[in-house]
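Just so it is clear, none of the values below were taken in a lab; they were calculated from the coordinates. Computed from a predicted structure; not experimentally measured. With ideal geometry, Cβ positions are generated from the backbone for all residues, glycine too; neighbour counts draw on all protein chains shown.
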Amino acid sequence: DKPEREPKAHRLRRPGLLTIVAIVAVAATVGAVLGASRWQEDKAATQATATDPTVTTVAQATTTSAPRTTTTTAATEEEPTFRASCPSTGGGWTMVPVWPGTFSGLAYYDYAVQNFVANTWDTLGYMATPDPGAIRITGLGPQEKRIVRIIAALSNGTASDPRFVLVTAPAEAC
């Protein structure tokens, strides 16, 4: 009274099954090791940046325009914002910066918007007082987005690290 064996087509072959299990185990181990090492590299890079900020100077301007800025430590903790307005129906939204705040040693804020096509930053202008003057992003459609870079230039010739703000137009049409 021996039990009947299944036909060969329906049986899993043990050596093949063990090979598949071993390959999956090796792949999982390699993935875990790579993930852990990448996490350690990111953590080390973050700690190095936080403990050793770079300080550079601003090039001296010879004209009446504002000097180009470079980076140093962050100068303000307030999150920059923009105010939306609709100057004319069908003309698109206009986004105007709200004064980010004053702190000791501030000379002005340098605003630039990312140009995705040319992969550059287009200057919007300089803001030295709460009046934004001509700094604005115009003609935005509903929920259209722009990335704005804001750098605080300091009176000692240094500048803050750039802050990046995602500016989003309101959802309704203007």
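Between residue 89 and residue 102, the modelled labels are 4.1 nm apart [label points 7 Å from Cα along Cα→Cβ]. Note on residue 173 and residue 128: the extension gain reaches 13.0 nm, defined as 0.36 nm multiplied by sequence separation minus the Cα-Cα distance.
Taking segment 71-174, how much of its Cα-Cα pair set, in percent, is spaced more than 25 angstrom apart?
21 percent
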